[in-house]
Amino acid sequence: MRFQYTAKTISGEIVKSEIEANDEPQAIKTLRDRKLLILKLNLTEKSSFFSLFSAFSAIGEKDKIIFIKELSVMVQSGLTLTEALDTLKDQTSNNNLNKIIGELSVEIRGGKSLSQALKKYPDVFSPLFINIVNSGEKSGKLDSVLESLSKQMDKDYELKSKIKGAFVYPVVILVALTIVLVIAVVFIIPQIKKIFDDMNVELPILTKILIGISSIILNYWWIIILFVGGLLLFIKSSSKTERFKRLQDVFLLKVPIFGVLIKKIYMAQFSRNLASLISAGVPMLEALKTNRNIINNLVYQEAIDRIMKDVENGVQLSVAIRKEKGFPPMISQLLNAGEKSGKIDFILNTIADFYDREVDDTTHNLTTILEPALTVVMGIAVALFAVSVILPIYGLVNAI
């Protein structure tokens, strides 16, 4: 349930905003916990249509990047956080983000820091995001930290966009091919079968195979749906277990071509995140821990755990990383140079830029290879279907 309220802060300022709560008592308790004096509280009713629309108003990466960029500019211009947040409220096209910005402003007026307020929205703001902001607050350099954070998010967004873009064409081709084959097997083949049955023509093996597939789909479609549904449910339930997750992560890293790409993506992500945290003043162990929770692969999470243990025991980061097979030797060598010069964050950013280019080149090459390969596969599939239909027709003509 959403409630609209008017309240007074400790400093005597009047604020108006909205809050999500299960019921009115919970809304009152939440506002009191924020040290707000409630002047007015009303339930905001929305039609089911607008509620449904709001469900699809997810906060995308681009929305967050724009928000941080604008917040950074305003703080650098001398505005206080609350002034900047109040100015930004209702300026984005995303209603959910507008509400969060308003609630952040209220939280900060209630005495919380920006990083503390951000922790209330773990689904929107990542641990990396919150830790960097927290470091900026501690060092008194929140404006410069926000600026570097926006650049970091920009690069991450660009990397993800390139990867998604590389797979758009293959996915479209495969979906189109699947739809064409399903239509042919379900609707066209049965009609052709009737004609050949009436003519009593001996069918080629390829045509018999297609007719057999068509018969199985038409007669046992419900079994196929149950099997696919059961398989998906099994995969979904199994994916929650650590053993299955580990097998999946190991498999992804060993898949030909794609495994190499995935490793490069993780290297770029690990290096850039660690560089951002260190340059923001986060201690090494805390930076590694945050990085560990961001990388969604058990193989690399376990590797980072071992690196953290070594670093905690006084081992240099470059030496600890050198022990891990998942990290290319180049990374430890460059980090060793960074440790000697005292420019670890600079070296890590250099490594991240290198792997960004590697990912870009790999995805470009992958697309270049996949496009003709998929075209050939589609051509072969269409040719086989055409031959399976034309051969019996040719036999029918000869019989006549």
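The values are calculated or read from the model by the stated rules, or taken from the named source; none is laboratory data. Keep in mind it's a predicted model, so treat the numbers as computed, not measured. As a convention, Cβ positions derive from the backbone with ideal geometry for all residues, glycine included, and neighbour counts pool all protein chains shown.
Here are the numbers for this structure:
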{"item": "Selection status of residue 62, surrounded by fewer than 17 Cβ atoms within 10 Å (Cβ to Cβ), modelled with pLDDT of 75 or more and assigned by TED's automatic domain parsing to the domain that holds residue 107", "result": "yes"}
{"item": "One residue from 340, 323 being in contact with a Lys or Arg (Cβ under 9 Å, 6 or more places away or on another chain), basic (Lys, Arg) and in the same structural domain as residue 250 (by TED's automatic domain parsing)", "result": "323"}
{"item": "Hey, residue 118 within 26 Å of residue 19 (Cα to Cα), in contact with a Phe, Trp or Tyr (Cβ under 7 Å, 6 or more places away or on another chain) and either of a type in the set (Phe, Trp, Tyr) or surrounded by 20 or more Cβ atoms within 10 Å (Cβ to Cβ) (or both) or not", "result": "yes"}
{"item": "1 or more residues touching a residue at least 40 places away in the same chain (Cβ under 8 Å), surrounded by 11 or more Cβ atoms within 10 Å (Cβ to Cβ) and not assigned by TED's automatic domain parsing to the domain that holds residue 294: qualifying helices (runs of 4 or more DSSP H) within segment 127-236", "result": "127-139, 142-183"}
{"item": "Residue check, residue 240 of a type outside the set (Phe, Trp, Tyr), outside any helix (DSSP H, G or I) and out of contact with any helix residue (DSSP H, G or I) (no Cβ under 9 Å at 6 or more places or on another chain)", "result": "yes"}
{"item": "Every pair of residues 6+ apart whose Cβ atoms lie under 8 Å, when the first sits in segment 238-265 and is more than 30 Å from residue 353 (Cβ to Cβ) while the second is of a type outside the set (A, V, I, L, M, F, W, C) and part of a helix (DSSP H, G or I)", "result": "239/245; 239/248; 244/238"}
{"item": "Hits in segment 9-29 (condition: loosely packed, with under 15 Cβ neighbours inside 10 Å and either among the hydroxyl-bearing types (Ser, Thr, Tyr) or under 14 Å from residue 111 (Cα atoms) (or both))", "result": "10, 11, 12, 13"}
{"item": "Residue satisfying condition, being in contact with a helix residue (DSSP H, G or I) (Cβ under 6 Å, 6 or more places away or on another chain) and within 23 Å of residue 162 (Cα to Cα), within set 275, 280", "result": "275"}
{"item": "Unique match (being in the same structural domain as residue 175 (by TED's automatic domain parsing), acidic (Asp, Glu), in contact (Cβ under 8 Å) with a residue 40 or more places away in the chain and under 26 Å from residue 129 (Cα atoms)) among 353, 305, 360, 310", "result": "360"}
{"item": "Considering residues of segment 111-122 that are assigned to a helix (DSSP H, G or I) and free of Cβ contacts under 8 Å to residues at least 24 places away in the same chain only, the residue nearest to residue 132 (Cα to Cα)", "result": "115"}
{"item": "Residue list for segment 66-110, filter: assigned to a loop (DSSP other than H, G, I, E, B) and either surrounded by 16 or more Cβ atoms within 10 Å (Cβ to Cβ) or not small (Gly, Ala, Ser) (or both)", "result": "79, 80, 89, 90, 91, 92, 94, 110"}
{"item": "Selection from segment 300-351 of residues that are of a type in the set (Val, Ile, Thr), surrounded by fewer than 20 Cβ atoms within 10 Å (Cβ to Cβ) and either within 29 Å of the chain's Cα centre (by Cα) or part of a helix (DSSP H, G or I) (or both)", "result": "311, 319, 350"}
{"item": "Selection status of residue 270, surrounded by fewer than 16 Cβ atoms within 10 Å (Cβ to Cβ) and among the aromatic types (Phe, Trp, Tyr)", "result": "no"}
{"item": "Complete set of residues in segment 352-369 that are surrounded by fewer than 20 Cβ atoms within 10 Å (Cβ to Cβ) and of a type in the set (D, E, K, R)", "result": "353, 357, 358, 360, 361"}
